[in-house]
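Below is one structure, written out as structure tokens; the observations come after it.
The values are calculated or read from the model by the stated rules, or taken from the named source; none is laboratory data. Everything numeric in this text was worked out from a predicted model, so none of it was measured. All Cβ positions, glycine included, derive from the backbone under ideal geometry; neighbour counts span all protein chains shown.
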Amino acid sequence: MSTANNPYLQVSNLRVKFETHDGTVKAVDGVTFSVEKGKTLGIVGESGSGKSVTSLAIMGLHNPKSTLLQGEILVDGRNVVGMPDDKLRLLRGRDMAMIFQDPLTALHPFYTIGRQLVEAYRVHHKVTKAVAKKRAIEMLDRVGIPQPQRRFGQYPHEFSGGMRQRAMIAMSLINDPNLLIADEPTTALDVTVQAQILDLLNDLQREFHSAVILITHDLGVVSQVADDVLVMYGGRVAEYGTAQQVMKLPQHPYTWGLLASMPSLRGDPEADLLPIKGNPPSLLNVPPGCVFHPRCRYAMLKGGPCDREVPELLQLRTVDEPGHTVACHLPERQRIETYQEEISSVGVAQ
Amino acid sequence: MTETVDAVQLDTGWKAAQGEPLLKVENLIKHFPVRGGMFGSKQHVRAVDGVSFEVRPGETLGLVGESGCGKSTTGRMLVRLLEPTSGKITFEGQDITHARRGQLQRLRSDMQIIFQDPYSSLNPRHTVGTIVGMPLKVNNINPPGGVKKRVQELLELVGLNPEHYNRFPHEFSGGQRQRIGIARSLALRPKIIVADEPVSALDVSIQAQVINLLRDLQRDLNLAFVFIAHDLAVVRHFSQRVAVMYLGKIVEIGPREQIYNRPAHPYTKALLSAVPDATRLGESVGRIRLQGDVPTPINPPSGCRFRTRCWKAQDICATQEPALSVKETGSLAACHFPENAVLIEN
């Protein structure tokens, strides 16, 4: 948990709304978190949870015409919400960079990898092309692309999926950013390549000491690389804590649902999974009270606060170190008992 | 070639007690022609290059491997959406490798396929009733009580509201659409279903719903499955036997416990250790990291196809192709230097 006084990124009470023909979409609804340099925050959630919108808002990559941004995003003390575009452009790429899920759509198909890397470098550094080229080849080599000299002159379609993602990473790191956002960086890759890329990200973070946000739906990936975990659902934070806290003693029924839905490589393969019933909510018409209550099998407080009051994100009191917060109306003692009795033996939770 | 046939016999002998296979595949090959090379000479993508296995009634065979290993091509050949280049597919003792129209139509009521993408595999202009009832109509089947009643039963079976008979696919979520695809595949009461990545396009929580549904259906209807997926944990959860494919070949095949707990082939071992496991928080001991990417199937490496990425490879691996044979661990593996240690203690 980031408890230091000066986290590199501090997001406070972020709200993102889109105006559409069907009404207002509340994609992110009051999200607060922080990331220090040298740490990795894993943001977990399913489609529509608001995890990608959060990262686009930090980068200032949302459409300013149709998007309403509220709250505060402090990057190294500077608020980027409402920052003019020309100032934002100076930050983007130099102080903060992003890796996208699909490198094929994020790279320009008409330009060589080398040219794109050189451009990314020269936007922020007043250097000659030759110097930038040297730097680009260095970066390609650093991310483990064999024969970087030759690869420099090739086009994205000549790279395999894993190599393309490496090239993306090289481009995002070429200006040595302090904040790196990786949005599902390995989802499109095969497992053996995914393992290579996750290792690479881990190594690079140690070397460059940046703050990293890793957005994923895969709790396995998160448990391997994240220091902190933020679980999002329906645009809100369900649970937030260190990876140790969230994975060892998850407190939100949605986190349980995710853990018990994932088949594991260990344990009884014949045991049934415990899926979350129903479907994620429409963000046009968010359920009242706790967003998760229509799918929650423990919302026994129905008629009580679950379907009326939005639960606050509160610190756990009875167990583990400070920093573990959860937004759920269930009494803490009951949550701990339920997890130990019913959930900890299913799926990857076991 | 004789080696692969031997392997089938070994596999057969091992399971002889459990009766005749429902589906038998022998040395199946599919090459796709591509233009390339110097002077535009004709080359072939060797997508599937000699694959043999059997599926018994009511059992699930999982086919796993990375993209490009030929698992989907194999699945499509089984239901004859693709014509095999050579090899033999036998269904209930009948050779169906090159079955023509009439025979194929009968065959397809026993053999169905579920596709990965629940968005592109349903006709957006048809109602759910039409989509699920189509197999009945095409085959001129008039179930007792009428098509509508049968379709509604099917919708109920897969956990959809039968009253949604007249809705269109766009009114359903991804998980519900996949259920529609499953209902359609069940319409003709098939004996075997080829499921090609049926859950990989779905969110985790929805994935578990669909896996549970498929397992219930298998139990209740005694269906056999060929379950194709890249997710090893999902395959383990669903399959009694597992075949691991690499570059168009099966490198290891055996009962689930052997494949997952005592893998014999180095590739199986590497694949398993690459899966990020939420139960092993921050652990990285004993992990195997494969270098590089899968080579092109146009010009696969000589000898053992995995040798270019294998940490155990020696000279013999480049010259002699290892045959599938029974290894110490109990599964059939194609490797000159198999592993023999227990990977996971249960």
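Numerical summary
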item	result
Pick from segment B:171-217, criterion among the β-branched types (V, I, T) and closer than 25 Å to B:L23 by Cα, ranking: surrounded by the fewest Cβ atoms within 10 Å (Cβ to Cβ)	B:I211
Positions within segment A:259-297 being at the interface with chain B (Cβ under 7 Å from one of its Cβ atoms), out of contact with any helix residue (DSSP H, G or I) (no Cβ under 6 Å at 6 or more places or on another chain) and farther than 24 Å from B:L160 by Cβ, in sequence order	A:R266
Hey, B:Y267 under 19 Å from the mean Cα position of the chain (by Cα), within 15 Å of B:V48 (Cα to Cα), crowded, with 24+ Cβ neighbours inside 10 Å and modelled with pLDDT of 90 or more or not	no
The lone exception for A:G278 - which of (1) loosely packed, with under 13 Cβ neighbours inside 10 Å; (2) within 21 Å of B:A208 (Cβ to Cβ) it fails	(1)
Matching option when the condition is closer than 23 Å to B:D117 by Cα, without any contact (Cβ under 8 Å) to a residue 12 or more places away in the chain and either away from every other protein chain (no Cβ under 12 Å) or polar (S, T, N, Q) (or both), among B:E171, B:E197	B:E171
Residue pairs meeting the criteria (Cβ under 8 Å; at least 6 apart or on separate chains; first in contact (Cβ under 8 Å) with a residue 24 or more places away in the chain and of a type in the set (F, W, Y), in segment A:5-31; second in a strand (DSSP E or B) and surrounded by 19 or more Cβ atoms within 10 Å (Cβ to Cβ))	A:Y8/A:V35; A:Y8/A:V75; A:Y8/A:L179; A:Y8/A:A211; A:F18/A:V25; A:F18/A:A27
Residues located in segment A:155-174, provided they are more than 10 Å from A:L104 (Cβ to Cβ), assigned to a helix (DSSP H, G or I) and within 11 Å of chain B (Cβ to nearest Cβ)	A:G162, A:M163, A:R166
Residue in segment A:187-208 that is touching a residue at least 40 places away in the same chain (Cβ under 8 Å) and farther than 25 Å from B:L290 by Cα present	no
Within segment A:8-39, tally of residues that are closer than 21 Å to A:N202 by Cα, at pLDDT 95 or above and in contact with a helix residue (DSSP H, G or I) (Cβ under 8 Å, 6 or more places away or on another chain)	1
For A:N79: the one exception among (1) touching a residue at least 24 places away in the same chain (Cβ under 8 Å); (2) touching a strand residue (DSSP E or B) at 6+ places or on another chain (Cβ under 9 Å)	(1)
Lone qualifier among A:H108, A:H62 - being surrounded by fewer than 20 Cβ atoms within 10 Å (Cβ to Cβ) and either among the polar types (S, T, N, Q) or closer than 30 Å to B:G175 by Cα (or both)	A:H62
Test: residue in segment A:85-92 that is in contact (Cβ under 8 Å) with a residue 12 or more places away in the chain and under 30 Å from A:Y254 (Cα atoms)	no
Helices (runs of 4 or more DSSP H) wholly inside segment B:54-148 that include at least 2 residues being surrounded by fewer than 14 Cβ atoms within 10 Å (Cβ to Cβ) and in contact (Cβ under 8 Å) with a residue 24 or more places away in the chain	none
Segment B:286-339: number of residues that are in a loop (DSSP other than H, G, I, E, B), among the small types (G, A, S), surrounded by fewer than 21 Cβ atoms within 10 Å (Cβ to Cβ) and touching a strand residue (DSSP E or B) at 6+ places or on another chain (Cβ under 8 Å)	1
Selection within segment A:36-57 - assigned to a loop (DSSP other than H, G, I, E, B) and among the hydroxyl-bearing types (S, T, Y)	A:S47, A:S49
Any hit, segment A:114-129, residues being over 17 Å from A:G93 (Cα atoms) and either in contact (Cβ under 8 Å) with a residue 24 or more places away in the chain or in a helix (DSSP H, G or I) (or both)	yes
All positions within segment A:175-210 that are within 13 Å of chain B (Cβ to nearest Cβ), in a helix (DSSP H, G or I) and polar (S, T, N, Q)	A:T192, A:Q194, A:Q196, A:N202
Condition broken by B:D216, with the remaining ones in (1) more than 18 Å from the chain's Cα centre (by Cα); (2) within 27 Å of B:V45 (Cα to Cα); (3) within 11 Å of chain A (Cβ to nearest Cβ) satisfied	(2)
Residues that are more than 13 Å from chain B (Cβ to nearest Cβ) and either surrounded by fewer than 24 Cβ atoms within 10 Å (Cβ to Cβ) or in a helix (DSSP H, G or I) (or both), drawn from segment A:211-236	A:R236
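The rows are residues; the columns are (1) touching a strand residue (DSSP E or B) at 6+ places or on another chain (Cβ under 7 Å); (2) touching a residue at least 24 places away in the same chain (Cβ under 8 Å); (3) of a type in the set (D, E, K, R); (4) assigned by TED's automatic domain parsing to the domain that holds A:C328.
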| residue | (1), (2), (3), (4) |
| --- | --- |
| A:R266 | no, yes, yes, yes |
| A:P269 | no, no, no, yes |
| A:L274 | no, yes, no, yes |
| A:R297 | no, yes, yes, yes |
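To keep it simple, each residue is scored yes or no on (1) at pLDDT below 90; (2) of a type in the set (F, W, Y); (3) touching a Gly at 6+ places or on another chain (Cβ under 6 Å).
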residue: B:G102; (1), (2), (3): yes, no, no
residue: B:Q112; (1), (2), (3): no, no, no
residue: B:Y119; (1), (2), (3): yes, yes, no
residue: B:G129; (1), (2), (3): no, no, no
residue: B:M134; (1), (2), (3): no, no, no
